[in-house]
Structures are given as structure tokens and as C-alpha cells.
1. Relative to the Cα centre, what is the charge dipole magnitude of segment 27-77, using +1 at the beta carbon of each Lys and Arg, -1 at the beta carbon of each Asp and Glu, and rounding to the nearest 20 debye?
2. Calculate the all-directions average of the projected area of segment 42-97's alpha-carbon convex hull, and give it in nm².
3. May I ask you to derive the relative contact order of the chain, considering only C-alpha pairs under 8 Å and at least 6 residues apart, and to give it as an integer percent?
4. So what does the Cα-only Debye profile of the chain read at q = 0.09, 0.17 Å⁻¹, as log10 I(q)/I(0), no solvent term?
5. Measure out, as a whole number of angstrom, how far apart the alpha-carbon centroids of segment 58-86 and segment 1-32 sit.
Amino acid sequence: MFHCSICGRALSEKEALVHQGKDGKKEIICSACFEKEVGIDYETFRYRRENAKQTFFAVLFCLGATVYAFIEKGWPYGLLGIVLTILVYLFSSRTGKPKTKEKETNQK
Ligand SMILES: [Zn+2]
């Protein structure tokens, strides 16, 4: 059994979140306190982190394919690969924004 180090609520292993505080000290907190500390809910945080990872691998793959096309097929294919890589990057980072945050930025 864990306890939230901010509000003291008892947490199951599944609910407990490890949060690194400003002083670098790791603490066990609940999802409500995580939202207060980080400013976004844990699901959004995890979604963004996963999305950033996926974008990174997609871009890495495209760059690899670009280098291969450049060497094997010549520079026009390499150039096409660079354009595709940029498109993949732009598309990935655009879909990475959660809907709730988009609403907030629209209001400003
Ligand atoms: Zn808490």
C-alpha cells in the first residue's frame, strides 16, 4: 500500500504515480495531485510522452529510408525522402496535441 506524499490518500499500486519534484526528489503521488503539480492530467502526460516517442521513431525511420534512397536511387529520391520526413514530423506533432488543450488555446 502506498500513500500520496501530498494529500496523504492511500493508493493501490495501480493508482500510485512516481513524480519527480522540483528538487529532483522522487515521490509517490495520486493522479489528482499529479494534475495539480504538472498542470495536465496523467493520461495526457502519458499520451504526449508516447506520441513523442512514436514521432521520434517515425522520423528516424524516414531518415533511414531517405539515406537509403539517396544512395541507391540518386538525389531526386533523397530529396523526396526529406520532404516525406518533414511531412511525417509535422503530421505527428499536429496529432500529438490533445483535444482539451486545443480548446484552451483557442479561447486565448
Ligand atoms: Zn494526492
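1. Rounded to the nearest 20 debye, it is 260 debye.
2. 3.2
3. 16
4. Cα-only, vacuum Debye calculation for the chain: -0.42, -0.86.
5. 45
Read-outs: derived from the displayed coordinates by stated rules, not from any lab. Note that the coordinates shown come from a computational prediction; the quantities given were computed from them, not determined experimentally. Don't worry about glycine lacking a Cβ; one is built from the backbone with ideal geometry, like all the others, and counts go over all protein chains shown.
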